[in-house]
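Quick notes on the structure that follows.
Derivation of every value follows stated rules applied to the coordinates shown; laboratory data play no part. The structure displayed is predicted, hence computed values, not measured ones.
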Amino acid sequence: MKTEKIKRENGGRYFSVEENFQVFAHVGFADSNASYGSARILRPVYREVMAHAGDQIHILPGGDFLVTEDCLVYSIKFEKPEFAPFEHRHVDLSCVSVPAWALQEIARGRRFSANYVSKF
């Protein structure tokens, strides 16, 4: 399926899901076998979640979120994240690749109200 790079904007960008597709939702943290000094590094845990038609994707400067019609909010990644705590990666954080075939951009006034505060 085709993805398209879009630029993040300070005010955020909002999309309506037109076709179902899978995303990876951040659901918590787990122990890893990596440590820094005497401290154990926790790894983020993601699970596959279906973005259904009628849900919304909010692309904000602080992260990407799936907001369901029931106003449940998930912090998401569009591609399966890798855990590599000691690797330095050069990533362009000003853009994000989204499944353009499944999304329609909407006006800010039509977005669902959401509480983006972490549950962890």
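Couplings 3J(HN,Hα) of the stretch 46-57, computed from phi: 10, 10, 6, 10, 8, 8, 9, 4, x, 6, 10, 10 Hz, in residue order, whole Hz [Karplus 6.51 cos²θ - 1.76 cosθ + 1.60, θ = phi - 60°; x for Gly and Pro]. Size check on the chain: the Cα extents along the three principal axes, sorted descending, read 48, 30, 28 Å.
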